[in-house]
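Please read the structure below before turning to the comments.
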Amino acid sequence: MKTVFFSLFTVFCFTGFLVLSAPYTYATTDIVIKTTISEGELFDDAIQNNIIPIPKNTPLIVLLEAGDWTKVQYKEITGFIKSEHLKFISPQQMPGKTDPAKVTNQKKIALTFDDGPHPKVTMQILKTLEKYDAKATFFVVGKEVKKHPKIVKAAYEAGHEIGNHTFNHSRLTTLSSKQMKHQIQSTDAIIKATIGQNATLFRPPYGAYNKTVINQLNVPLTMWSIDTLDWKHRDPKKTVQAINKQAKNGSIILMHDIHQTTADALENILITLQKQGYEFVTVSELTQ
Ligand code: NI
């Protein structure tokens with residue numbers, strides 16, 4: 001038992017905690033979910049007692065594919081199941097209103113920028129995107145939109161997509177459902193007032209969501225498939241490297257338009273990937 005959990009843990013570390021694939025729906029062909037861990041928790045001995053039987057053909061939501069083991073959601077529980085016990089149905093919408101990520105097979109990539117708008121950084125990013133005729137998606141924070149509405153309007157009018165990223169970047173899973181609602185709806189309202197259109201996507205800060213969050217959304221919940229960790233290393237070279245190493249058809253790339261180093265990395269990213277034939281589109285276009 002110990003070995004199993006150790007190797008699980010290793011797989012998970014290598015795969016990366018934050019790189020959650022957009023959810024797909026699978027059904028079980030077999031019967032047992034091995035463990036239950038909540039995101040961010042480590043494996044410990046207590047987990048060995050947590051083995052939950054899953055009836056055959058139960059639909060599950062896959063959060064992360066990690067080789068022999070796959071991280072899934074079953075009811076309220078997230079845990080790992082042996083990949084061989086899963087039967088792929090088709091990429092489809094998560095119960096509720098979540099990102100279907102019918103990921104394209106074409107050479108298209110969605111660049112996403114979170115936490116803005118920022119008066120200097122976002123403007124530089126918009127300029128660079130325009131230079132290379134690239135479209136992107138901005139997950140904006142309501143209180144920043146209030147401060148810099150013109151930037152969001154300019155982004156929208158240039159053909160970029162605007163998504164909701166809460167009013168003040170709250171970790172929604174720690175809030176009451178009333179507070180959650182306020183975070184989402186006040187941001188929706190300010191986006192609508194700013195660009196004349198509703199936000200078309202939602203991304204939860206820290207990638208933290210649960211069923212209550214999903215139930216409050218009228219638009220797809222959008223995660224990412226490549227985390228550049230730009231906020232952490234603040235190094236344009238590392239941002240470029242992270243993307244070059246992982247980019248593939250249908251990638252959704254996470255960056256933040258509040259760091260100068262991210263804006264400085266962008267030109268290099270666009271040049272390199274365009275050379276490889278990639279086109280840069282909004283998330284909605286990627287998942288059409
Ligand atoms: Ni954020």
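The values are calculated or read from the model by the stated rules, or taken from the named source; none is laboratory data. On a predicted model such as this, the values are computed, not experimentally measured, just so you know. Positions of Cβ are generated from backbone atoms using ideal geometry, with glycine treated the same way; all protein chains shown enter the neighbour counts. Keep in mind that these areas ignore ligands, DNA and RNA; they rest on the heavy atoms of the full protein, side chains included. Shrake-Rupley method; radii C 1.70, N 1.55, O 1.52, S 1.80 Å.
Brief remarks follow.
- Residues located in segment 214-259, provided they are part of a loop (DSSP other than H, G, I, E, B), within 15 Å of the ligand (Cβ to nearest atom) and within 14 Å of the chain's Cα centre (by Cα): Thr222, Met223, Trp224, Thr228, Leu229
- Residues being open to solvent by 10 Å² or more (accessible area, probe 1.4 Å) and either within 30 Å of Ser176 (Cβ to Cβ) or among the β-branched types (Val, Ile, Thr) (or both) - total across segment 233-253: 1
- Number of positions in segment 201-213 that are aliphatic (A, V, I, L, M) and more than 12 Å from the ligand (Cβ to nearest atom): 2
- Residue within segment 210-228 that is modelled with pLDDT of 90 or more and either open to solvent by less than 30 Å² (accessible area, probe 1.4 Å) or not basic (Lys, Arg) (or both) present: yes
- Restricting the first member to segment 191-208 and to residues that are free of Cβ contacts under 8 Å to residues at least 12 places away in the same chain and farther than 17 Å from Ser225 by Cβ, and the second to residues that are open to solvent by 60 Å² or more (accessible area, probe 1.4 Å) and away from the ligand (no atom under 13 Å from the Cβ), the beta-carbon pairs closer than 9 Å and six or more apart or on different chains are Lys192/Asn198; Gly196/Lys153; Gly196/Tyr156.
- Any hit, segment 260-279, residues being of a type in the set (Phe, Trp, Tyr), touching a strand residue (DSSP E or B) at 6+ places or on another chain (Cβ under 9 Å) and part of a loop (DSSP other than H, G, I, E, B): yes
- With respect to being open to solvent by 50 Å² or more (accessible area, probe 1.4 Å), over 21 Å from Ala155 (Cα atoms), within 14 Å of the ligand (Cβ to nearest atom) and not charged (D, E, K, R), Leu172 falls outside the description.
- Looking only at segment 175-200, and only at residues there that are away from the ligand (no atom under 15 Å from the Cβ) and touching a Gly at 6+ places or on another chain (Cβ under 7 Å), the one that is modelled with the lowest pLDDT: Thr200
- Considering only residues in segment 104-155 that are within 15 Å of the ligand (Cβ to nearest atom), open to solvent by 10 Å² or more (accessible area, probe 1.4 Å) and in contact with an Asp or Glu (Cβ under 8 Å, 6 or more places away or on another chain), the one that is nearest to Lys248 (Cα to Cα) turns out to be Asp115.
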